[in-house]
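**Student:** Here you go, one structure.
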Amino acid sequence: MGRAGGHGPRSAAAWALLMFVCLAAWSVAAEPGPGPQAWPERIGNVSAGRFWQTLEDGGLLPTRSYPSFWRTLTAEAGRDLPGRAGVLAALGAALAAGDLRDGPHVEMLDYEGSHVLGEPQIHSVHGFQNESFDVWFLLTRTFSEAQAGAGPWDQWAIVQDKRVEPHVATFFHYAQGRPEVSNARSDCYRCHANGPRALDPARPDLVSGREYLAEVNDYCRSLVGVVTDFDGPRPDFGAALDVADCTGCHATGADRGPLHRIQAHAIRAAVARGRMPPDGPLSREGAIALEAFLRGPPEEAAP
Ligand code: HEC
Ligand code: HEC
């Protein structure tokens, strides 16, 4: 950068740069805020060229097609170690299987994900299986990161332990390439109330590995009663969502566990995008009750 007090062409260039930075910052600030209301415009504005270019730059364009989405783990990977030790061994076996990009994977555009809310991002999903475990990986990148050329793709993982009933999902984040058990302060539980989630491309034209979508989603929808590893007792999340349009599937004892206010973002996103409830629009009474629940109880009236 030019010196602040300089004169002549050099400082003119510095001023131009400063103006550009300010304008760029202003245009970022002028973007619509995060939240379901803004998603159609934000997603609609993503250029298809940029999407495919980002996949190519990430080495994620497939070179061939596979009969199944799932890559196989050896039967004994993690099997004989109890609890988390088994989970870690299964994760290690999946990581040792080679470059994630070598196998089948699905890439799609989404706006609801991992650590960023409301920003268009690419989700790249990979899966490994044996009898005892499912190991899922998510590589993710926002377009602003891709454009700035910043850093590698973020990497996350979910390991589902199928040796125990109900199945337990443990979450991982990669720091400096190493997996660390995550879900601190229920960070992952906010959106993954019941372990792995179905893949829901925000733009039907921007999907790579489309041939695996039905297989992955039929599988996710067939999972019943997956619980979350909280590294200790389950925190108290307060009242469970009690709206008839939802509780047939999301309640204690139903296929998916109960939903709580901590999942407000995921709930709003699922409803705004018409994904939930799956069999038709939310009733008017349901919409009102849901909104009241998400806003929380009214303040106690002062005596
Ligand atoms: C703001 C919501 C949100 C949060 C928070 C979130 N995820 Fe996800 N995640 C998603 C969605 C949505 C998908 C499904 C892919 C899609 O539709 O884009 C997903 C998919 C995944 C997948 C691929 C397997 C699957 O479920 O389909 C992994 C692995 C994953 N997330 C890991 C994590 C981890 C680890 C954390 C916590 C550190 C986390 N996620 C937090 C929204 C979230
Ligand atoms: C017919 C059963 C059914 C009904 C009714 C239903 N859901 Fe779901 N819901 C599912 C299934 C299955 C999944 C997991 C697959 C997926 O992500 O599509 C899911 C996933 C979700 C998720 C993502 C977190 C998770 O548990 O994986 C949210 C949030 C959600 N539903 C909210 C709602 C809300 C709010 C309602 C009521 C307005 C509702 N659902 C009604 C079956 C249902």
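Read-outs throughout are calculated quantities, based only on the coordinates presented, and are distinct from any laboratory measurement. Since this is a predicted model, take the numbers as computed values, not measurements. Note: ideal-geometry Cβ built from the backbone for every residue, glycine included; neighbour counts use all protein chains shown.
**Student:** Using each residue's phi in the range 45-50, evaluate 6.51 cos²θ - 1.76 cosθ + 1.60 at θ = phi - 60° and report the 3J(HN,Hα) Karplus result to the nearest Hz, with x for Gly and Pro.
**Tutor:** 7, 5, 7, 4, x, 5
**Student:** Now a separate question. Which ordering of Ser208, Ser132 is given by a fewest-first count of other beta-carbon atoms within 10 Å?
**Tutor:** Listed from fewest to most nearby Cβ atoms, that is Ser208, Ser132.
**Student:** Related question: How many nm separate the modelled label positions at Arg284 and Asp57, each set 7 Å beyond the Cα in the direction of the Cβ?
**Tutor:** In this crude label model, Arg284 to Asp57 measures out at 4.9 nm.
**Student:** Output the Cα-based Rg and Dmax of the range 236-296 in Å, rounding Rg to one decimal and Dmax to a whole number.
**Tutor:** Computed over the Cα atoms of the range 236-296, radius of gyration and Dmax are 10.7, 31 Å.
**Student:** Here's another thing I want to ask about it. Determine the principal axes of the Cα atoms in the range 196-289, then give the extent along each, sorted from largest to smallest and rounded to whole angstroms.
**Tutor:** Principal extents (largest minus smallest coordinate, Cα): 40, 38, 21 Å.
**Student:** Show the residues, 5+ positions off or on another chain, whose built amide H is closer than 5 Å to the amide H of Arg71.
**Tutor:** For Arg71, whose amide H was placed from the backbone, the distant partners under 5 Å are Gly127, Phe128, Gln129.
**Student:** For Ala289, what charge total do you get from the other residues with a beta carbon under 9 Å from its beta carbon, if Lys and Arg give +1 and Asp and Glu give -1?
**Tutor:** Summing Lys/Arg as +1 and Asp/Glu as -1 gives -4.
**Student:** Separate question: What does the charge count near Glu131 come to, summing +1 for each Lys or Arg and -1 for each Asp or Glu among other residues with Cβ under 9 Å from its Cβ?
**Tutor:** +3
**Student:** To continue, here is another question. Skipping prolines and chain starts, which residues have an amide H placed within reach, meaning under 5 Å, of the one on Gly58, given they are 5 or more residues away or on another chain?
**Tutor:** Amide H neighbours of Gly58: none.
**Student:** Report Rg/Rh for the range 129-233, rounded to two decimals, where Rg is the Cα radius of gyration and Rh the Kirkwood radius.
**Tutor:** 0.98
**Student:** Related question: Considering amide H positions built from the backbone, and no H for Pro or chain starts, which residues 5 or more places from Met276, or on another chain, come under 5 Å of its amide H?
**Tutor:** Placed amide hydrogens put Val271 under 5 Å from Met276.
**Student:** Another one. Just to confirm a number: summing +1 for Lys and Arg and -1 for Asp and Glu over residues other than Glu112 whose beta-carbon lies under 14 angstrom from that of Glu112, what do you get?
**Tutor:** Result for the local shell: +4.
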